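The values are calculated or read from the model by the stated rules, or taken from the named source; none is laboratory data. Keep in mind that what you see is a predicted model, and the values were worked out from it rather than measured. With ideal geometry, Cβ positions are generated from the backbone for all residues, glycine too; neighbour counts draw on all protein chains shown.
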Amino acid sequence: MTLDPARVFATLDRHQVDYLAIGAFAVIAHGYVRATADIDLVARQDRANLERLAAAFAELDARLRGVGADLLEVDPTDPDTLANGASFTLDTDAGPVDYLNDVPGAGDYADLRARSVESTAAGVRVRVVGLDDLIRMKRASGRPQDLRDIANLSPPTDGSE
C-alpha cells in the first residue's frame, strides 16, 4: 500500500491526538531527506489521548500487519489494547504506521514533547521529536539505518562543513 503521510497526520490532528513522529519523518524534519515506507510515532499515554488515537486508527481502518496477524485478535482501535502493548506494526488505508509505546532511549513522553519541534508534511502540521532525542533513540536502537541517520544528522566533528 502506498503511504499517504498527509492523510495519516491530518487524521491524527483532526482527532486531536497528542503524538510525536519519531522515525524517518523526524529525520526529514531535521534536515536529512531520505525515503521511508511508514510512519513511526509515540503518543501521550493518558486514557483520553489513547481514546482519540484509537478513534483515529479506526478512521484509518488500522489493522495489525504481518503473516497471520489477523489470527491474533489484536484490535488497534481499542484504547486498552493500545495502552497495554509495547509496539504495533499496522497497515492502514493510508499506508503503514508503527505505533510504539516502548522506544529505547526515548525517556518520558512529557519531556520529549517539551523538546519537540513543529514541522509540516504535505501541508499538515506535525510534531516531531527533537534532534537530540531523535539521535539518542537511534543510538539506543543501533540498527544500521539508525546509525546512518545519526551520521547524516550530526555536524562534522573535525571542523569541516
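Details
- The range 9-30 residues that are free of Cβ contacts under 8 Å to residues at least 40 places away in the same chain, paired with ones that are in a helix (DSSP H, G or I) (beta carbon under 7 Å, 6 or more apart): Gln16/Arg52; Val17/Asn49; Val17/Arg52; Val17/Leu53; Val17/Ala56
- Filter pass, Thr81 being part of a helix (DSSP H, G or I), within 15 Å of Leu64 (Cα to Cα) and at pLDDT below 95: yes
- Being within 18 Å of Ala122 (Cβ to Cβ) and within 14 Å of the chain's Cα centre (by Cα) is a property that holds for Ile28.
- Residue tally, condition at pLDDT 95 or above and either among the hydroxyl-bearing types (Ser, Thr, Tyr) or touching a His at 6+ places or on another chain (Cβ under 7 Å) (or both), over the range 31-65: 3
- Candidates Asn152, Asn101: the one that is over 12 Å from Ala26 (Cβ atoms), in contact with a Gly (Cβ under 7 Å, 6 or more places away or on another chain) and of a type outside the set (A, V, I, L, M, F, W, C) is Asn101.
- Failed criterion for Leu53 (all others in (1) closer than 21 Å to Asp111 by Cβ; (2) over 15 Å from the mean Cα position of the chain (by Cα) hold): (2)
- The listed residue being part of a helix (DSSP H, G or I), touching a helix residue (DSSP H, G or I) at 6+ places or on another chain (Cβ under 9 Å) and of a type in the set (A, V, I, L, M), out of Leu90, Leu53: Leu53
- Taken together, the residues in the range 1-37 that are in contact with a helix residue (DSSP H, G or I) (Cβ under 8 Å, 6 or more places away or on another chain), part of a loop (DSSP other than H, G, I, E, B) and surrounded by 20 or more Cβ atoms within 10 Å (Cβ to Cβ) amount to 2.
- Restricted to the range 109-141, and to residues there that are at pLDDT below 90 and over 16 Å from the mean Cα position of the chain (by Cα), the residue that is surrounded by the fewest Cβ atoms within 10 Å (Cβ to Cβ) is Gly123.
- Here Asp61 clears all of (1) free of Cβ contacts under 8 Å to residues at least 40 places away in the same chain; (2) more than 27 Å from Arg139 (Cα to Cα); (3) not in a loop (DSSP other than H, G, I, E, B) except the condition numbered (3).
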